[in-house]
Structures are given as structure tokens and as C-alpha cells.
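Below is one structure; the comments refer to it alone.
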Amino acid sequence: MARQRMIAGYTLQQSGILAPGEPIKCHVSVPQDAVIRHIGIDAQGNFVLFAEVWSYPEGTKINFREEEFLIAVTNKVLAPGSWEYHSTIMAGPAVFHVFDKGSLEIVA
């Protein structure tokens, strides 16, 4: 069976304490060779990372890597750390800014 390419969605998992108006720390596990394409919001209001991945034959062991993100609204102080701007997400009247740890190479 030939490998096939597809776009897969991975829900960002929120971590830490959630407080109104405070940035949200999130993490996600993606296949080691995944190419991250976009972060958006799904119909249920979840933040979702979309990545280009390849299929593997059943039973193949796949290595995953952990990516970390910070999501903040406009005019709010960011959490401590080396966060680099990634993108802005518009969701109705809400505006969210996504930051990553700077280790990603996002391909648009």
C-alpha cells in the first residue's frame, strides 16, 4: 500500500489553571514528521491544530512530538517564557493571538 498524504486535526489540550482574561497554555502531540499548517477553532469552540501527515501501514510504530502554545486575547500580558507570535484567530467578535515556544517552523 502506498503512503497517502492528508491534513489531520489535533485538538489542543489546555493545561494549567483557566482564569478569565488570562492567557491559555495548551499542548498537543503530533507525529514527528508532521508539518504544521494552521491553528483554528472548530464548531464546538475547541482550538485545533491542522497538520499535514502521511499514512503508515497498520502496526507501524509512530513517534510523536509535543508542541506547546499560548493563546491570549488582545491587550493582555503574556505568561512568562520565550513565546513567539504564530498567528491570529478571529472567532466572531473575539480575537485570539497564538504564540509558540519558537521551536516550530510553521509552513503557511
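FYI, it's all coordinate maths here, none of it is from the lab. From a predicted model like this one, the values you see are computed outputs, not experimental measurements. All Cβ positions, glycine included, derive from the backbone under ideal geometry; neighbour counts span all protein chains shown.
Excluding residues fewer than 8 places away in the same chain, name every one of the aspartates and glutamates whose C-alpha is closer than 16 Å to that of Lys61. Excluding near neighbours in sequence, the set is Asp33. Karplus-derived 3J(HN,Hα) values for region 25-36, using 6.51 cos²θ - 1.76 cosθ + 1.60 with θ = phi - 60°, are 8, 9, 9, 8, 9, 10, x, 3, 9, 5, 10, 6 Hz; glycine and proline are entered as x. Can you spot the lysines whose alpha carbon is less than 26 Å from Lys76's alpha carbon? Ignore those fewer than 8 places along the same chain. Of all the lysines, those that pass the test against Lys76 - Cα under 26 Å, at least 8 places apart if same chain - are Lys25, Lys101. For region 61-93, applying the loop criterion from DSSP together with a ceiling of 14 other beta carbons within 10 Å to the trypsin sites (Lys or Arg not before Pro) yields Lys61, Lys76.
With the gyration tensor restricted to C-alpha atoms of the chain, the semi-axes of the equivalent ellipsoid amount to 28, 14, 12 Å, longest first. Here the Karplus curve 6.51 cos²θ - 1.76 cosθ + 1.60, taken at θ = phi - 60°, turns the phi angles of region 64-81 into couplings of 10, 10, 9, 10, 10, 9, 10, 10, 9, 8, 4, 6, 10, 5, 7, 5, x, x Hz, with x standing for Gly and Pro. Between Gly45, Gly59, Gly21, the Gaussian network model of the chain with springs among Cα atoms under 10 angstrom shows the greatest mean-square fluctuation at Gly59. Remark on Leu12: its backbone amide H falls under 5 Å from those of Phe47, Val48, Leu49, a criterion applied only to residues 5 or more positions apart or on other chains, H modelled at 1.01 Å from N. The GNM of the chain, with springs linking C-alpha atoms under 10 angstrom apart, assigns the highest mean-square fluctuation among Pro80, Pro31, Pro23 to Pro80.
Kirkwood's formula applied to the C-alpha pairs of region 1-54 gives a hydrodynamic radius of 12.6 angstrom.
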